Amino acid sequence: MAWVVKMTDSDGNVFWGSSPDHEGLRYAAYKPEYAEQFESKEAAEAVFYWFHQIRDLQKYNLVAVQF
């Protein structure tokens, strides 16, 4: 089973962490099918740092969940 990054804002809206684009930027996807998939929880949690390096994504609470 794959792991993905679940992103929740302060209003409880849920998004999903995308794979990095050609510039290394990540985005909030609307469906978990569009999220980057990881082989382990640890691998998914390892990208939390990179998500929070992007100002627009700093507002999200991140958690690794099985997909």
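The values are calculated or read from the model by the stated rules, or taken from the named source; none is laboratory data. Keep in mind the model is a prediction, meaning the values are calculated, not measured. So basically every Cβ, Gly included, is an ideal-geometry build from the backbone, and we count neighbours across all protein chains shown. What goes into the accessible areas is simple: the full protein's heavy atoms, side chains included, and nothing from ligands, DNA or RNA. Shrake-Rupley method; radii C 1.70, N 1.55, O 1.52, S 1.80 Å.
Remark: the chain carries 68 Å² of accessible area per residue (probe radius 1.4 Å; ligands, DNA and RNA excluded). Entry note, the chain: relative contact order of 44 percent, from Cα contacts under 8 Å with a spacing of 6+ residues. Just the protein heavy atoms count here, and of the accessible area of the chain at 1.4 Å, carbon and sulfur take up 49 percent.
With the convex hull of its Cα atoms as the shape, the chain has an orientation-averaged projected area of 4.1 nm². For LYS59, the aspartates and glutamates whose Cα comes closer than 15 Å to its Cα, not counting residues fewer than 8 places off in the same chain, are ASP9, ASP11. Summing Lys and Arg as +1 and Asp and Glu as -1 over all other residues whose Cβ lies under 13 Å from the Cβ of ALA29 gives a net charge of 0. Quote the FRET efficiency, to the nearest 0.05, computed for LEU25 versus VAL63 with a Förster distance R0 of 25 Å and r equal to the Cβ-Cβ distance. Efficiency at R0 = 25 Å is approximately 0.75.
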